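First comes the structure, then the notes that go with it.
The values are calculated or read from the model by the stated rules, or taken from the named source; none is laboratory data. Please read all numbers here as calculations on a predicted model, not as lab measurements. Please note: Cβ atoms are built from the backbone with ideal geometry, for glycine as well, and neighbour counts cover all protein chains shown.
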Amino acid sequence: MDYVLHVLVMVSLYAILATSFNLLIGYAGLFALSHAAFFGVGAYVTAILAAKLGIAFPWPLLAGIAVTAALGAAIALPALRIGGDYLVIVTLALQVILTAVLLNWTALTGGTDGIRAIPRVELFGFKLDTPGRFLPLAVVVAAICFAVAARLGASPFGRALKAMRENEAATQAIGKNIVAMKLSVFAIAAGLASVAGSLYAHYVTFVSAESFTIELTIYLLAMVILGGTGNLAGSLLGAFILAVLPELLKFVDMPPDIADKMRQIFYGLLLIVMLRLRPQGLLPESASAHHYNAPSERPPVDAPVAAAALEGRGLERRFGGIVAVSALDITIEPGRITGLIGPNGAGKTTAFNLLTGFLQPDRGEVRYRGRSLNDLKPHRIVRLGVARSFQDLKLFTGLSVLENVLVALPGQRGDHLAYVYFAPWVVRREEHHNLGRAMAILEFVGLGERAGELASDLSYADEKLLVVARLLATGAEALLFDEPLSGLAPNALAKVFPVFKRLAASGRTLCIIEHNLDVIRELCDRVVFLDEGRKLAEGTAEQLMRDPDLSRRYFR
Amino acid sequence: MSVSLSASGLVAGYGKKRVVDGVDLQVEAGKILLVLGHNGAGKTTLARALFGLLKAEGGSVHLDNQDITGRTPARNVAAGFAFVPQGHGVFRTLSVEDNLELGGFLEHDPARLAERRKRVFDMFPILAERRAQLAGTMSGGQQQMLAIGIALMHMPRLILLDEPSIGLAPNLVEKVMQSVAEINRSLGATILIIEQNVKASLPIAHRVAVLKTGRKIYDGAPEPLADHVRLMELF
Amino acid sequence: MDLFVQLFANGLVNGSHYALLGLAFALIFGTTRITHFAFGPVYALSAYGCWLSAEKFSAPLPLAIVAGIATGALAGALAYLVVYRPFERKGSPPLVILIASLGLFIVLENAIGVAFGTDTKVVPAPPSTVFLWGPLVVTGVQLAQVVMLALTGALLWLYVTRTRFGKALLAMTDSPDMARIVGIDTLRVSLVAFAVGSAIAAVPACLILVKDGATAHMGFIAVFMAFVAVVVGGVGSLRGAVAGGLALGLVESIGMAKIPTEWQNSIAFVVLFVVLLVRPTGLFGGR
């Protein structure tokens, strides 16, 4: 019986580890191979404080959280600077260096012997020295950790994490600070893992480096993949299955160390097979059915706004020796649609990048509402009122149509963890209101019926509409659309034209890059012609198209 | 010796997007077909679907009378169908010489390879001068010549070029077009050239097709398109 | 000064070891774009193959090393065909293939443990030769490590620059798209990359067997160092991987003059961090 209780304690600990790991790799898409290291740091901090310094539960646990969370954030920082691909090797390196520290800093960690005789937890006079006595604590703590993770996952912050996982550039373009998001999720995931480590130390009463290796991280990875990335209940399932199933090997007659290896071979094979046959896991990530709860009031989408002109003055940008944009003066006025046309490689998208902070100009200035936008990050510029869409869409394909719009709404207090955990009622009320706003926007562009569908299931024409809806949702008054209508058949175009016209009529500052001259003629009051990074002409669509020199340029 | 290429109802795209939406094309053996279209018209998708780099979702492609729909690029190369991709299709980190050798990868006979190499150097003397230079360090025009040279090493009966003029100065563009016309004349190779640069490519074309949003909206003689205003309307 | 010369020599020796690992990993990764974590256990398997030939079949050492190399090549080729290729054909994203390689890592590492046990395998040491050149002390095995780097590097260089298939390997490393366009069979090239890469990694594996013995877990640090050598040298550059490996060995060795030996591997970590912060594309990178 004790044996069964012991397995359940271990399941509880693995549940904490698997759910926190899922937050990192499943929700945020940050592939960090250092989870066993975080687990180990939590365990050792507790071991050192409890065994060597005699500090009682729960202080070592809390100290462990602080240390590990700080470590998590510290490890995330360089990886953030250099790009996600390198996160794998950096976190792997952390694993290696931690093992070295644990084995060699003998004075602190006991070296290869580890630390023994860690005191048991004492609660209400009871010493938790048997599996049966420890289990309630383990289960309660696991439940709390799960609640922390689940709360985060279900919050607007969690939704933004998933968006970031799908596409980082687009997440910046809707006004989210992805660096802060990454640091937060790393700190929380690391902190949760250390809680498991602390419990482990009190339960097993001794820690050594060989318990916290890459093999353990891969074990946890198998749990997350099996259960389903992006689904926390799946991680519980995965933890249960992978902790319990191999115990069945006990019934087969085998020396214990062979059994241990067979267990590992089993989960290694399971990992490969799951990835091949059912990569989404047992419990796939579900697109939420929020739209059923949307309130009936729909705030007007094209309510008049007092937008300002977006100006680029003397913009210049080079890439190596190539001049992408030079001496560009462009003013996009509110209340009408400005078209930006020109041949391939003329610098149109570069101009958009410069105007919205995705690229910094080598010379010149971008101004909106009387202030310079130079040196500001894209997400800051969005909050100041200037936003752009992308030629290659960059939709959050794993999210529902409604979630794509919801995540883009500005000023969400649910994006801040302080509110998520300490004022959830505020977040809940805001979500309810935002559902109405999001549905209004979807209905405005004609996607109301599709709110609950997965963005990846949309037809091409509907994808283009979603791009418009998402950009609109940012609340920015200056909207820059990069080829919003390319590839649309004439009847689809006819349906979308009114959307743009109404936006312009509401006073917003609009600019569209387009190649389809029918679209330009229909929508744009003013057209700017760019070639070789310079503005060559500006006028009405008719004026530009009648100009023989420009025609020649357009077709060289 | 040269072959004809035809596509019938070709449908291709990425995910749900039908970039090429039911296109019919014919190039007669030994002739030059020019396919015009603006960005997003589906030109590169069309090229890659014809050559087998992209799986066609519908329709068929024929080389002479043989159905080559869905065949791998390697088999097409072996059948004499060469592709010059957009953006200087060269191996940047390898020398001109090595690039050409890779062009002739499927040919084992050193004598034939030497003959083909000579033909490439005769047509593009600058490549002979720079045979040991790394392709990535050459200018855009030289890289484009090398890309065409790589195709010539296949001893092609049909060459498909995707926007060979992109990013090149006008005089180089003219040189490229002249080379293409010369290849057509001397080798008798059938040419399908996809372009955005009307002015330079129109003079060498025997026939023109115009694509707009995945469909063909014009197929006929090149002369009527010489008027740019007419073209603006098409685009 | 004498100490410095010895440290430099040791650095060169260890650097050669890392350079060969890096070269092998870079060949596989550059050609196939697969992050092959199972590189570690395949490396270990090569050492075990060598050991088996020497112990059970009483093969003389050179022959046993050849057996080890053959084991590595076969194991690497099988890893690609049986595990990675199905994912490639399905069009799985690189991250999924990476996770699959982690699964394979676990399976192979433990399979070795089950089949061979957890003790350290050693081979009868060759007549212990020690060279004394002035202030320098170098053992036979250490010399062999440096010599093998030079030899293997030269052979590989000849292969990729002089043979038709070798050039196809370089072509795929440069641009898989262009390789397909000129008609190269990318499946065959990938298979050869895995076989040749694993064979190259088998050389340092066998030398380590002779020097320190083999354990089931020896692969982890090997794949880690190989990965670091490639990142430091610049992803996509074979030359860079060699330079990265040598640099790692030298920095480690010089660093050890001040730092206790147990912290050896941590130096790699520091080098990695510094390189990523200062020059992320690596010494020879920047594609």
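Results, tabulated for the structure shown:
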{"item": "Segment A:448-465, subset free of Cβ contacts under 8 Å to residues at least 40 places away in the same chain and away from every other protein chain (no Cβ under 14 Å), residue nearest to A:Val301 (Cα to Cα)", "result": "A:Gly448"}
{"item": "Subset of segment C:125-154 (residues that are loosely packed, with under 11 Cβ neighbours inside 10 Å and over 21 Å from the mean Cα position of the chain (by Cα))", "result": "C:Pro127, C:Ser128, C:Val130, C:Leu132, C:Trp133, C:Gly134"}
{"item": "Hits in segment A:385-428 - residues which are in a helix (DSSP H, G or I), within 18 Å of A:Ile188 (Cβ to Cβ) and touching a Lys or Arg at 6+ places or on another chain (Cβ under 9 Å)", "result": "A:Gly414, A:Asp415, A:Tyr419, A:Val420, A:Tyr421, A:Pro424, A:Val427"}
{"item": "Looking only at segment B:93-120, and only at residues there that are crowded, with 22+ Cβ neighbours inside 10 Å and closer than 18 Å to C:Asp185 by Cβ, the one that is farthest from the other protein chains (Cβ to nearest Cβ)", "result": "B:Gly104"}
{"item": "Residue in segment A:34-50 that is within 30 Å of C:Val96 (Cβ to Cβ) and assigned to a loop (DSSP other than H, G, I, E, B) present", "result": "yes"}
{"item": "Selection count, segment C:140-149, where residues are over 13 Å from C:Leu12 (Cβ atoms) and touching a strand residue (DSSP E or B) at 6+ places or on another chain (Cβ under 9 Å)", "result": "1"}
{"item": "Residue in segment A:100-107 that is hydrophobic (A, V, I, L, M, F, W, C), farther than 30 Å from A:Ala28 by Cβ, crowded, with 21+ Cβ neighbours inside 10 Å and in the same structural domain as A:Tyr14 (by TED's automatic domain parsing) present", "result": "no"}
{"item": "Single condition A:Val527 does not satisfy, out of (1) in a helix (DSSP H, G or I); (2) touching an Asp or Glu at 6+ places or on another chain (Cβ under 8 Å); (3) surrounded by 22 or more Cβ atoms within 10 Å (Cβ to Cβ)", "result": "(1)"}
{"item": "Residue identified as within 14 Å of chain A (Cβ to nearest Cβ), touching a helix residue (DSSP H, G or I) at 6+ places or on another chain (Cβ under 9 Å) and in contact (Cβ under 8 Å) with a residue 60 or more places away in the chain among B:Pro156, B:Pro164, B:Pro203, B:Pro170", "result": "B:Pro164"}
{"item": "Residue in segment B:138-157 that is out of contact with any Ser or Thr (no Cβ under 8 Å at 6 or more places or on another chain) and surrounded by fewer than 18 Cβ atoms within 10 Å (Cβ to Cβ) present", "result": "yes"}
{"item": "Given (1) out of contact with any strand residue (DSSP E or B) (no Cβ under 7 Å at 6 or more places or on another chain); (2) within 13 Å of chain B (Cβ to nearest Cβ); (3) buried (at least 22 other Cβ atoms within 10 Å of the Cβ); (4) in a helix (DSSP H, G or I), index of the condition A:Leu544 fails", "result": "(1)"}
{"item": "Subset of segment A:271-289 (residues that are of a type outside the set (Lys, Arg), in contact with a helix residue (DSSP H, G or I) (Cβ under 8 Å, 6 or more places away or on another chain), surrounded by fewer than 19 Cβ atoms within 10 Å (Cβ to Cβ) and facing another protein chain (nearest Cβ under 10 Å))", "result": "A:Pro279"}
{"item": "Filtered residue count, segment A:479-495, keeping only those that are away from chain B (no Cβ under 12 Å) and within 18 Å of A:Leu340 (Cβ to Cβ)", "result": "3"}
{"item": "Residue ID - nearest to the other protein chains (Cβ to nearest Cβ), chosen from residues in segment C:151-185 that are touching a residue at least 40 places away in the same chain (Cβ under 8 Å) and within 22 Å of C:Leu207 (Cβ to Cβ)", "result": "C:Leu156"}
{"item": "Residue count for segment B:62-92, restricted to those that are within 11 Å of chain C (Cβ to nearest Cβ) and in contact with a Gly (Cβ under 6 Å, 6 or more places away or on another chain)", "result": "6"}
{"item": "Qualifying residue in segment A:304-313 (condition: in a loop (DSSP other than H, G, I, E, B) and surrounded by 22 or more Cβ atoms within 10 Å (Cβ to Cβ))", "result": "yes"}
{"item": "Every residue from segment C:108-124 that is surrounded by fewer than 18 Cβ atoms within 10 Å (Cβ to Cβ) and away from chain A (no Cβ under 14 Å)", "result": "C:Thr120, C:Val122, C:Pro124"}
{"item": "Some residue of segment C:197-205 being in contact with a strand residue (DSSP E or B) (Cβ under 9 Å, 6 or more places away or on another chain), crowded, with 19+ Cβ neighbours inside 10 Å and in contact (Cβ under 8 Å) with a residue 24 or more places away in the chain", "result": "yes"}
{"item": "From the options A:Val468, A:Val445, A:Val420, residue that is more than 13 Å from chain B (Cβ to nearest Cβ) and within 25 Å of A:Lys182 (Cα to Cα)", "result": "A:Val420"}
{"item": "Among the residues listed as C:Gly72, C:Gly103, C:Gly113, the single one being among the small types (Gly, Ala, Ser) and under 19 Å from A:Gly281 (Cα atoms)", "result": "C:Gly103"}
{"item": "Residue in segment A:31-54 that is surrounded by fewer than 22 Cβ atoms within 10 Å (Cβ to Cβ) and facing chain C (nearest Cβ under 10 Å) present", "result": "yes"}
{"item": "Residue within segment C:65-81 that is within 14 Å of chain A (Cβ to nearest Cβ), modelled with pLDDT of 85 or more and surrounded by 22 or more Cβ atoms within 10 Å (Cβ to Cβ) present", "result": "yes"}
{"item": "Helices (runs of 4 or more DSSP H) contained in segment A:136-223 and holding at least 1 residues of a type in the set (Lys, Arg)", "result": "A:156-166, A:178-204"}
{"item": "A:Ser12 in the same structural domain as A:Asn177 (by TED's automatic domain parsing), modelled with pLDDT of 95 or more and under 18 Å from the mean Cα position of the chain (by Cα)", "result": "no"}
{"item": "A:Leu373, sole failed condition from (1) more than 14 Å from every other protein chain (Cβ to nearest Cβ); (2) hydrophobic (A, V, I, L, M, F, W, C); (3) touching a residue at least 40 places away in the same chain (Cβ under 8 Å); (4) more than 18 Å from A:Asp531 (Cα to Cα)", "result": "(3)"}
